[in-house]
Amino acid sequence: MVARKLSFRSKLLGITALPLALIGYLSVNDIQDALSTQRAAARQQGELDRQAAVSDLADAIGNERGALFDPAATDEGLAAERAKVDEAINRLRSPELALRAASRDEAEQVCGEVVDLRARIGDSAATIQTTIADRDDPARLEALGLTSIAD
């Protein structure tokens, strides 16, 4: 009997309030799910970026090593490969990658080893090739950290 005493406006509001409340509730849930999915995607993209940076560094180091052992290597070619390694190192050190402390320490160790090896072998492709070709001088190869090529 109460329904007969309500105005048309009140009846209309009563009929539409529940569906509107349900739509609002479902919309909020959908928005929260979408935001959660977006955050997960951003985390995954960050991990992919970190893996790509490590992979790029490994490839660049491999290419520099290939240039070291290439008998036709020139100083300019070696310098170009080293520039690519340096670029990959800088990308890996980039704050945007947000490496974890352990990963950052490991990356810095690898970068230090690259710099140390470069200091030991020098910048001249011809000198490096002469050293590599001179497998009869194990002391020189060992001093350069290249003992594995003598085997």
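Would you check the accessible area of Leu35, probe 1.4 Å, heavy atoms only, in square angstrom rounded to 10?
Here the accessible area works out near 80 Å².
With r defined as the distance between the Cβ atoms of Arg93 and Asn29 and R0 fixed at 35 Å, what FRET efficiency is calculated, to the nearest 0.05?
Efficiency, rounded to the nearest 0.05: 0.25.
For the chain, what is the accessible area per residue in Å², given a 1.4 Å probe and the full set of protein chains?
Normalised by residue count, the accessible surface of the chain is 71 Å².
Could you give me the ³J(HN,Hα) list for segment 97-112, computed from phi with Karplus coefficients 6.51, -1.76, 1.60 and θ = phi - 60°, whole Hz, x at Gly and Pro?
After applying 6.51 cos²θ - 1.76 cosθ + 1.60, I find 6, 6, 5, 5, 4, 5, 5, 5, 5, 5, 5, 5, 5, 4, 4, x Hz.
Please give the net charge around Ala79, taking every other residue with its beta carbon less than 13 angstrom from that of Ala79, where Lys and Arg add +1 and Asp and Glu add -1.
After counting each charged neighbour, the total is -4.
For segment 22-133, which whole percent of the accessible surface, found with a 1.4 angstrom probe, sits on carbon and sulfur atoms?
Looking at segment 22-133 in its full context, I get 56 percent from C and S.
Just the accessible area for Val110, please: 1.4 Å probe, Å², rounded to the nearest 10?
For Val110, solvent-accessible area is about 50 Å².
Using only DSSP helix segments of four residues or longer, with each worth -39500 (n - 2.57), what per-residue ellipticity at 222 nm results for the chain after dividing by its residue count and rounding to 500?
Using -39500 (n - 2.57) per qualifying helix, the result is -27500 deg cm²/dmol.
Nearest 20 debye, what's the magnitude of the dipole of the chain about its Cα centre given +1 on Lys and Arg Cβ and -1 on Asp and Glu Cβ?
2200 debye
Between Thr127 and Ala101, how high is the FRET efficiency from 1/(1 + (r/R0)^6) when r is the Cβ-Cβ distance and R₀ = 35 Å? Nearest 0.05.
Given R0 = 35 Å and the Cβ-Cβ separation, E is 0.35.
Trypsin sites (Lys or Arg not before Pro) within segment 1-78: which are DSSP loop residues with at most 15 other Cβ atoms inside 10 Å?
none
Give the residue from Ala79, Ala53, Ile128 lying farthest towards the positive end of the charge dipole for the chain; charges sit on Cβ (+1 for Lys and Arg, -1 for Asp and Glu) and the dipole is referred to the Cα centre.
Ala53
Contour minus end-to-end for Val110 and Leu18, with contour as 0.36 nm per residue of separation and end-to-end as the Cα-Cα distance?
Difference between extended and current length: 26.8 nm.
The values are calculated or read from the model by the stated rules, or taken from the named source; none is laboratory data. Treat the numbers as computed from the prediction; the structure is a model and nothing was measured. With ideal geometry, Cβ positions are generated from the backbone for all residues, glycine too; neighbour counts draw on all protein chains shown. To get the accessible areas, we keep the full protein, side chains included, count just its heavy atoms, and leave off ligands, DNA and RNA. Shrake-Rupley method; radii C 1.70, N 1.55, O 1.52, S 1.80 Å.
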